[in-house]
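A.B. asks: Quick one: the structure is below, questions incoming.
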Amino acid sequence: MIIEQTNLEDCFIITPNVLEDDRGYFFESFNRKKFEDLTDMNIDFVQDNQSKSSKGVLRGLHFQKGDYAQAKLVRVLKGSVLDVAVDLRPNSKTFSKSFSVKLDTINNKQLFIPRGFAHGFLVLENDTIFSYKCDNYYNKLSESGILYNDQTLAINWEFKEEELILSPKDLSLPMFNDLFS
């Protein structure tokens, strides 16, 4: 397992050691001890979530507030996504900065997103299956988000805007400055 620091504080790319032969492949998708040794972070995942989406679906940018904030370890089980994390921690050196990475079933990379971040992903292939572990339980009253095309964040989704598919809920999310002004 290789863990690389992204340009965002406490946000990591995890690349597994894939063992392949004529039967297929095997890799360890998560090892708590290795993760803690390489990041100095103690994480206890308590909930796993999974979604299936069509090409062009954009989910996000989402986060949980307060006591229900969640760290996430995200990966793709089938297909590919452009995954995006945004640092929303006002005291962080990387506050309001974003990071994006392509996650797919070829590179098998995962992204660890700490608490205090917004997260979203754009689906790049039909029938993509996205999976993520959370270190805190979902709480509907604590959910929040930021509009995907907020000019302050200036995220390059690498997709034509007219081809994006968003839920009405995601289209009505507030702007960054409305949350942090």
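Please treat every number below as a calculation from the coordinates, not as lab data. Note that the structure is a prediction, hence the values are computed from the model and not measured. Using ideal geometry, Cβ is built from the backbone for each residue, glycine included, and neighbour counts are taken over all protein chains shown.
A.B. asks: Obtain the nm distance between the two label points defined at residue 172 and residue 67 by a simple spin-label model: each point lies 7 Å from its Cα along the Cα-to-C-beta direction.
C.D. replies: Spacing of the two 7 Å Cα→Cβ label points: 2.7 nm.
A.B. asks: Taking the Cβ-Cβ separation of residue 140 and residue 19 as r and a Förster radius of 35 Å, what is the calculated FRET efficiency to the nearest 0.05?
C.D. replies: On the way: r = 41 Å, r/R0 = 1.17.
That pair, residue 140 with residue 19, gives E of 0.30.
A.B. asks: Dividing the convex hull volume of the alpha carbon atoms of region 44-179 by its residue count, what do you get in Å³ per residue?
C.D. replies: Details: hull volume 15.0 nm³, N = 136.
About 110 Å³ per residue, rounded to a whole number.
A.B. asks: While we're here: Under the rule of at least 5 residues apart or a separate chain, name every residue whose amide H is placed under 5 Å from the amide H of residue 57.
C.D. replies: The list, which skips near neighbours in sequence, is 123, 165.
A.B. asks: Please list 91-98, 114-121 highest first by mean number of surrounding beta-carbon atoms within 10 Å per residue. Kindly include the intermediate steps, with their values, before the conclusion.
C.D. replies: Numbers: 91-98: 14.8, 114-121: 23.4.
So the order, starting with the most tightly packed, is 114-121, 91-98.
A.B. asks: Once every DSSP H run of n ≥ 4 in the chain is given -39500 (n - 2.57) and the sum is divided by its residues, what mean residue ellipticity at 222 nm do you get, rounded to the nearest 500 deg cm²/dmol? Please report the intermediate quantities before stating the final value.
C.D. replies: Working: 3 runs with 16 residues, N = 181.
About -2000 deg cm²/dmol.
A.B. asks: Between 75, 89, 59, which gets the highest mean-square fluctuation from a Gaussian network model of the chain, Cα cutoff 10 Å?
C.D. replies: So, out of 75, 89, 59, the one fluctuating most is 89.
A.B. asks: If you average the sequence gap of Cα pairs under 8 Å that are 6 or more apart and divide by the length of region 44-179, what percent do you get for the contact order?
C.D. replies: Working: 317 pairs, mean separation 52.1, N = 136.
Averaging sequence separation for qualifying contacts and normalising by length gives 38 percent for region 44-179.
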